[in-house]
Protein chains: 2
Amino acid sequence: MANAHPRKKRESASPSPTPGATVTSRALALLGSFDSAHPRLSLSEMARRAEIPVATAHRLSSELVFWGALERSGQDYVVGHRLWKLGLLAPVRKNIGELAAPYMQDVLFVTQNVVNLFILEDDHVLLLERLSGTRSGAPFRRVGEQLPLHASAAGKAILAFGAPDLWETALENMARAGQMTEHTISSPAQLRREVAMVRERGYATTSQEAGLDNFGIAVPIISSDGTCTASLGVVTQNQPVAVGPIVPVLRIAARGIGRRISLGGEY
Amino acid sequence: MANAHPRKKRESASPSPTPGATVTSRALALLGSFDSAHPRLSLSEMARRAEIPVATAHRLSSELVFWGALERSGQDYVVGHRLWKLGLLAPVRKNIGELAAPYMQDVLFVTQNVVNLFILEDDHVLLLERLSGTRSGAPFRRVGEQLPLHASAAGKAILAFGAPDLWETALENMARAGQMTEHTISSPAQLRREVAMVRERGYATTSQEAGLDNFGIAVPIISSDGTCTASLGVVTQNQPVAVGPIVPVLRIAARGIGRRISLGGEY
DNA sequence: GATCCGCTTTCCGTCTAATGGAAAGTTTCG
DNA sequence: CGAAACTTTCCATTAGACGGAAAGCGGATC
């Protein structure tokens, strides 16, 4: 025989097949290894982040790629086209984002500033929709980003007009998070004062609280059932926002959005 | 003993456990059962559409809900929040959509019409981004929707300036698809004539070809490497678009987008 | 140009986790 | 109030998932 070892026989297979994880959870963990800071990953990075063996990661990602949940880009993996399309069907975006967009346009028309729509999610606010023109400077936040309640105009607006039990959540977060910049509110008393002022004035502002050179105004979006879980705002870089002319514009838009929200039910 | 049947003993379990499907493929099939026409589904509808037994569908969807890929909305299931956020990381949207948005704003400012960005996907065009103001009438297309190459301004613009091998794909589709309205182009000769004209003029139009009361103009977006896989356009309802003043605006925006596309590599 | 290192991909013996029919529980409807 | 349709739970069976090992693949480094 020419060939002494046609194929090496492997006797041990997988001594510790698995702890207690389901296939689906692993596949989802792979998807979950992507985030805005890691939009493209190699196989071994995915495996590391998802904490599953490479061999398993390899098999599963192939399936995800086959379906279109992931795509290969050179040697790396990226989120697939099909997943994006699927995400468009999510009620948050369909019910609020799409509805609000035209009103946000109006604000952009008039103010020429970056316009943001934030919604409340758990213990923070989430940037749901963002508009910017070619003249409004580079937007520094991305749709899908999150900010704490106490360090954003959007968050404070919701805090002032939203459900009262948000208050403790916000305080806990503030204590846990520490300051993002030297201007970040960091004492309960200060936050209380600030929020009271927001409630009185009807709008919230930030001055470099979540980032230097980062100014913003936001007004609450109060839906037709009286609840407030969203806010509309504009942000500028370098110089403070011109509150006077902008607040009325935001108010009108926010009322327009609020009127139409939650007539169609929950999101 | 007081209890004769503490628990009925089941002897048969699952005679035909499975054909040849993987767990992952089933889970993905469940996700795939959602589309723009079916954004919310009951368990049994999901199971039916995905062609898997309800019991299995039930188990898997629970896991999907647990992770956040799906959410429950009353008795039904909808696409989850987390999936939407994940979708935002898809290169299509991040690399082209975000880049194009500010230019599209400019067009909206000037023309006050619904502005659409389509990209080429397989044998059709896909609506990647859409802007509309409060004054531009109800937009009738949704982001994520698809149109055939031969029955849309966007498609014809890409057909005229894009890769030559698109031509046969378009013809095949046209033959297969049939007319969407009485105005839809349906003969190869007619399409050829139309596309030649688009190439000469530099822009494409449609008049009720994809839907009645549905008029549009589109110009190609030619990226800095000379290829064309996207187009920018406006649409109106009821009356034809005013070509004269709009085309130059679209051209400028499309050039701006094209210049910046594909410097960062593929999407 | 040989050696090493880290990565992707393939292989396959073992065995756990997935399976789905059936039954029970729940809501809807006439 | 019974029938129909749907959701949820159960569990005996086994098909599919598992992952260590080894092979293959660049691209650094000496």
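The values are calculated or read from the model by the stated rules, or taken from the named source; none is laboratory data. The structure presented is a predicted model; accordingly, all values stated were derived computationally and were not measured. A quick note on method: Cβ atoms are made from the backbone with ideal geometry, for glycine too, and the neighbour counts reach across all protein chains shown. Each accessible area value is taken on the protein alone, full model and side chains, heavy atoms only, with ligands, DNA and RNA left out. Shrake-Rupley method; radii C 1.70, N 1.55, O 1.52, S 1.80 Å.
Worth pointing out:
- Evaluating 6.51 cos²θ - 1.76 cosθ + 1.60 at θ = phi - 60° for every residue in the range A:117-134, the Karplus couplings come out as 10, 10, 10, 6, 9, 6, 10, 8, 9, 10, 6, 8, 7, 9, 10, 8, x, 6 Hz, glycine and proline recorded as x.
- Scattering curve values for chain A, log₁₀ I(q)/I(0), Debye with Cα scatterers, q = 0.09, 0.12, 0.15 Å⁻¹: -0.52, -0.82, -1.10
- Magnitude of the charge dipole, the range A:40-180, Cβ model with Lys/Arg +1 and Asp/Glu -1, debye to 20: 540 debye
- Excluding ligands, DNA and RNA and using a 1.4 Å probe, chains B and A jointly bury around 5000 Å² of accessible surface, summed across both partners.
- Probe 1.4 Å - accessible area at B:Tyr203, Å² to nearest ten: 40 Å²
- Nearest-first distances (nm) between copies at A:Thr134, label 7 Å from Cα via Cβ: 2.6
- Leading residue at positive end of dipole, the protein assembly as shown (Cβ point charges), from B:Leu131, A:Thr169, B:Leu30: B:Leu30
- Using heavy atoms of the protein chains and a probe of 1.4 Å, the accessible area assigned to B:Thr134 is about 60 Å².
- Environment charge at A:Glu129 (Cβ cut-off 14 Å; Lys +1, Arg +1, Asp -1, Glu -1): +2
- To the nearest ten degrees, helix A:54-67 and the longest principal axis of the Cα atoms of chain A are 60 degrees apart.
- Copy-to-copy label separations for B:Gly226, where each label sits 7 Å from Cα toward Cβ, in nm and ascending: 6.7
- All Cα-Cα distances of the range B:23-85, cut into 10 Å bins from zero to the largest, leave 25, 64, 11 percent in each bin in turn.
- Summarising the amide proton neighbourhood of B:Ser73: residues at separation of 5 or more, or on other chains, whose placed amide H is nearer than 5 Å comprise B:Val78.
- Rounded percent of accessible protein surface that carbon and sulfur make up, the protein assembly as shown, 1.4 Å probe: 53 percent
- Residue-normalised accessible area of the protein assembly as shown, given per residue in Å² at a 1.4 Å probe: 48 Å²
- Charge-dipole axis of chain B as Lys and Arg at +1 and Asp and Glu at -1 on Cβ define it, positive-most pick from B:Met180, B:Ala157, B:Val54: B:Val54
- Cα-Cα over 27 Å, subset of A:Lys156/B:Lys94; A:Lys85/A:Lys156; A:Lys156/B:Lys85: A:Lys156/B:Lys94; A:Lys85/A:Lys156
- Measuring from each Cβ of chain A to the axis that turns chain A onto chain B, the shortest distance belongs to A:Gly87, 1 (residue, then whole Å).
- Radius of gyration, Dmax [the protein assembly as shown; alpha carbons; angstrom]: 26.2, 93
- Relative to the longest principal axis of the Cα atoms of chain B, helix B:243-260 runs at roughly 60 degrees.
- Principal-axis tilt of helix A:23-32 within chain A, Cα atoms, nearest 10 degrees: 50 degrees
- If only the Cβ of Lys and Arg carry +1 and only the Cβ of Asp and Glu carry -1, the dipole of chain A around its Cα centre is close to 860 debye.
- Length-normalised contact order of the range A:90-260 in % [C-alpha pairs under 8 Å, at least 6 apart]: 23 percent
- Counting only protein heavy atoms and using a 1.4 Å probe, the accessible area of A:Arg82 comes to about 100 Å².
- The alpha carbon radius of gyration of the range A:156-216, expressed as a multiple of 2.2 N^0.38 Å, is 1.08.
- Solvent-accessible surface ranking, highest first, for A:Val219, B:Val23 at 1.4 angstrom: B:Val23, A:Val219
- Nearest-first distances (nm) between copies at B:Ala189, label 7 Å from Cα via Cβ: 8.8
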